[in-house]
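Contents: one structure, followed by commentary.
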Amino acid sequence: MTTFFQNLGGHSDAQVYAHEMSLAELAEPMGFDSVWSAEHHFDHYTMCPNVAQFLTWMAAKTRKVKLGSMVMVLPWHDPVRVAEEVSVLDHLSGGRVILGIGRGLGRIEFQNFRLAMNESRERFTEYAAALLGGLETGWIESDGTFYKQPRAGIRPRPIKSFRGRTYAASVSPQSLEIMCKLGVGLLIIAQKPWETTVKELGEYRARYREVNGTAPPKPLIASFVAVHEDENVARQMFENYIKGYSRSALEHYEFHNEGLADIKGYEYYGKLAQNIKKHGMDAFVNFLSELQVWGTPDQVYEKMLAHHKMAGTSGCMAAFSYGGMPHDMARANMKLFAEKVLPRLQAVPVDETVGEAAPLAIAAE
């Protein structure tokens, strides 16, 4: 399960934090395999500015669940500090970390960190190479254009390799090439038409094999989930809260801002903005919402199973509290999923051949 720390009104930030932490504490006793959170800053979209800090708290509250970042946005950090934080978290949790990294999209975040968005791809590439090298060897160094770091020891020393447990969010073909060269898996958050991502995920797999000589790690997919025994209630949850989340994503990321086309590395989003201008923001909100998962327990299971079969995923992350959903409803949403959907998904074998012929049409940032 993934905590989202979204506050779209009606609650204080303190109430949202207490609620989200209470849900996260339920993850292990309810049988979930991992707990995740995403890094965001400065507005109500997601109020988790330091994922490692939250996951350190979770490490002390749990014994078995893995702890995932969805994602840590590297251009906003000094890679030395990220390497140290990740290594400490891995020590404190007994090696339970799953590292998710990305380069960021929100203009509000780059502006308030006083960073140029048009440098994000190059910074991400240099930062990620230094970070992953440091976590692998125990020494971090870089002589790049944007990141110059004298050789320095990571202490405490990393306790085991992060190969096979590092994932990156990626959208553009250029970014996919970077992920292949870094040797990381894909963390997938649906944004594109399925047919587009079918093609792109296939290209990623082929290119990864060319670069690394092995098959890539199986992707992870994140979904916003609304489940209820009554299909009509689930449909209303979709209308009110999944669409509420989708609209908040549109606003936070400014998907409708055609000026993104003029920012190096974000040309794809300029084209997306043109499409939104043509069809309208409501149409995009509906499109993004339809990529999520809702319905009765059986319907939710079938949708998530279909995603797994198409993508060949090794796991899926579900968000249960988002879009202004009342806290008691979010708790019931998570509880019903844990009782009626989770055990069935956990029983599905991770077939090595799944997804190779028909990759899932999904995309990620």
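The values are calculated or read from the model by the stated rules, or taken from the named source; none is laboratory data. Remember, it's a predicted structure, so these values are computed and weren't measured experimentally. All Cβ positions, glycine included, derive from the backbone under ideal geometry; neighbour counts span all protein chains shown. Areas reflect the complete protein model, heavy atoms only, side chains present, ligands, DNA and RNA absent. Shrake-Rupley method; radii C 1.70, N 1.55, O 1.52, S 1.80 Å.
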Taking the stretch 13-52 and keeping only residues that are among the aliphatic types (A, V, I, L, M) and either farther than 14 Å from A319 by Cα or open to solvent by less than 10 Å² (accessible area, probe 1.4 Å) (or both), one is left with A14, V16, A18, L23, A24, A27, M30, V35, A38, M47, V51, A52
When the stretch 11-52 is checked residue by residue, the ones that are assigned to a strand (DSSP E or B) and either touching a helix residue (DSSP H, G or I) at 6+ places or on another chain (Cβ under 8 Å) or polar (S, T, N, Q) (or both) are S34, V35, S37
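Yes/no per residue for (1) basic (K, R); (2) touching a residue at least 12 places away in the same chain (Cβ under 8 Å):
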position: R114; (1), (2): yes, no
position: F124; (1), (2): no, yes
position: R155; (1), (2): yes, yes
position: A168; (1), (2): no, yes
In the stretch 60-79, residues that are closer than 18 Å to G104 by Cβ and β-branched (V, I, T) total 2
Check: If you check R205 against the conditions, is it open to solvent by 20 Å² or more (accessible area, probe 1.4 Å), of a type in the set (K, R) and either more than 18 Å from K335 (Cα to Cα) or modelled with pLDDT under 95 (or both)?
Finding: no
Restricted to the stretch 168-195 and to residues being in contact with a strand residue (DSSP E or B) (Cβ under 7 Å, 6 or more places away or on another chain) and either modelled with pLDDT under 80 or open to solvent by less than 10 Å² (accessible area, probe 1.4 Å) (or both), the residue nearest to G133 (Cα to Cα) is V184
Note on the stretch 294-331: residues free of Cβ contacts under 8 Å to residues at least 60 places away in the same chain and farther than 30 Å from A215 by Cβ are D298, P326, D328
Inset, instruction - Determine if the stretch 125-135 includes at least one residue that is surrounded by fewer than 21 Cβ atoms within 10 Å (Cβ to Cβ), of a type in the set (A, V, I, L, M, F, W, C) and over 19 Å from the mean Cα position of the chain (by Cα). - result: yes
Among residues of the stretch 285-331 being part of a loop (DSSP other than H, G, I, E, B) and closer than 22 Å to E195 by Cα, the residue farthest from the chain's Cα centre (by Cα) is G312
Per the list (1) in a loop (DSSP other than H, G, I, E, B); (2) open to solvent by less than 10 Å² (accessible area, probe 1.4 Å), residue check on L8 breaks on (2)
Listed by first then second residue, the pairs whose first member lies in the stretch 77-104 and is touching a residue at least 60 places away in the same chain (Cβ under 8 Å), whose partner is outside any strand (DSSP E or B) and hydroxyl-bearing (S, T, Y), with beta carbons under 7 Å and at least 6 positions apart or on separate chains, are P79/Y127; P79/Y147; R103/S120
Among residues of the stretch 53-90 being part of a helix (DSSP H, G or I) and of a type in the set (S, T, Y), the residue least open to solvent (accessible area, probe 1.4 Å) is S87
Test: G104 is modelled with pLDDT of 95 or more, at positive phi and of a type outside the set (K, R):
no
Those helices (runs of 4 or more DSSP H) completely within the stretch 102-182 that have 3 or more residues that are within 14 Å of V73 (Cα to Cα) are 107-112, 120-137
Scanning the stretch 136-158 residue by residue, the ones that are surrounded by 13 or more Cβ atoms within 10 Å (Cβ to Cβ) and either within 15 Å of A206 (Cα to Cα) or among the β-branched types (V, I, T) (or both) total 3
